[in-house]
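The values are calculated or read from the model by the stated rules, or taken from the named source; none is laboratory data. Because the structure is predicted, anything quoted here is derived from the model rather than measured. Glycine gets a Cβ as well: all are built from the backbone with ideal geometry, and neighbour counts include every protein chain shown.
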Amino acid sequence: MVIAANAAVGKAWAHHAAGILCGLIAGALFLFGAIDYATGGASATDHNPAPVDFGLMATALAAAAVASKPVREWAARFIPIDPDNPVHSLALALAVILFGTQAASIAFTDVLAAELQTPPLSIGDLAAQEAPFLILALAGVGLYLRRSGTLTIGRLGFLRPVWWQMALALAAAGVFFAISNGADSLSHSLTPSIAHKVDTTTQHLFGGLGDPIGLIALAVIPGICEEALFRGALQPRFGIVLTAVLFTSIHAEYGLSIDVPTIFVISVGLGLIRKYSNTTASGVCHVAYNLLVGFGLTGAALYGGIAVEAALAGAVAYAIWSHRRRAEVAEPAAQESGVG
């Protein structure tokens, strides 16, 4: 469907394709929920609980609304999408489906208990889980359909960074790590039972990736794939906040815990880095944060990390001051020369 949407861009019938594609994917989800509910039964263990199926059908109806051009035009008043663009329209419908299905799962099932029934992740599992994000990002922006490889990389924001952008990315990773530790302490203090379940689930899912190679894979693979889709492909169309909501929704393994708003805050931070620098910087920040969480900082390493964080913050502050200083000097010169 993503490839078909890209193929329809610029055609006279593009707005019809937008409605058809949104209707098809919404209809498929509605049928899935309806059939699962009709064939499930009260004692069936291989079907969703009834509230989840009703949630899926409600989500499908919301996504089907995107098939209506007036609805897309209304959405375009708040986010920078083209209501006649099939790619933008399909992305909006998929966003509704992603959020709705995840919300239904979290609200009506014990996702923490369910995760304990799945086998621990291997590096291969992790790659298979994250690769669809990268594939959707590349296909969504039209790799070899509407854009060359170079233009695709540019559209996703993977640009060569300058020194201050790397300093910003690493400094922000340290800040996010501190926020995460604070939220974890708060969670154990206010909701100890939920915090214990989250810890148990996290250890079960990622315990097989506890060696250095596994921790590096756990940092790098999601850092690249998730940033490509969310900050690279989606944020320029959906904005920082909506993208952060979608990014938070894919982390269902944390259930209804304090970790969820923490992820949202970190996602907004990554979005700001993407907005004021590029996706390369947000990706480096994401990877660095994952490494800090995976390896941890204690004892002398913690004090060393604080010193590095202070140095990076100072470097970023200097870069901002230097940029503003140059702008202040350049503005009078431009006015004197009649430019501006």
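Couple of notes before you dig in:
- Subset of segment 1-26 that is more than 25 Å from the chain's Cα centre (by Cα) and among the small types (G, A, S) - its residue that is farthest from H88 (Cα to Cα): A12
- The residue that is surrounded by the most Cβ atoms within 10 Å (Cβ to Cβ), counting only those in segment 111-127 that are farther than 13 Å from E253 by Cα and without any contact (Cβ under 8 Å) to a residue 24 or more places away in the chain, is D125.
- Of the residues making up segment 155-164, at least one is outside any loop (DSSP other than H, G, I, E, B), touching a strand residue (DSSP E or B) at 6+ places or on another chain (Cβ under 9 Å), modelled with pLDDT of 90 or more and not acidic (D, E).
- In summary, F247 fulfils each of the numbered conditions (1) over 28 Å from A167 (Cβ atoms); (2) surrounded by 19 or more Cβ atoms within 10 Å (Cβ to Cβ) with the single exception of condition (1).
- In segment 134-192, residue surrounded by the most Cβ atoms within 10 Å (Cβ to Cβ) [restricted to those that are aromatic (F, W, Y) and either closer than 18 Å to I224 by Cα or touching a Gly at 6+ places or on another chain (Cβ under 7 Å) (or both)]: F176
- Restricting attention to segment 70-88, the residues that are buried (at least 16 other Cβ atoms within 10 Å of the Cβ) and out of contact with any Leu (no Cβ under 8 Å at 6 or more places or on another chain) add up to 8.
- Residue check, I106 surrounded by 14 or more Cβ atoms within 10 Å (Cβ to Cβ) and under 23 Å from L145 (Cβ atoms): no
- Among (1) part of a helix (DSSP H, G or I); (2) without any contact (Cβ under 8 Å) to a residue 12 or more places away in the chain; (3) surrounded by 15 or more Cβ atoms within 10 Å (Cβ to Cβ) - the single one H47 does not satisfy: (1)
- For segment 56-87, residues that are of a type in the set (A, V, I, L, M), closer than 22 Å to I240 by Cβ and either part of a loop (DSSP other than H, G, I, E, B) or in contact (Cβ under 8 Å) with a residue 40 or more places away in the chain (or both) total 5.
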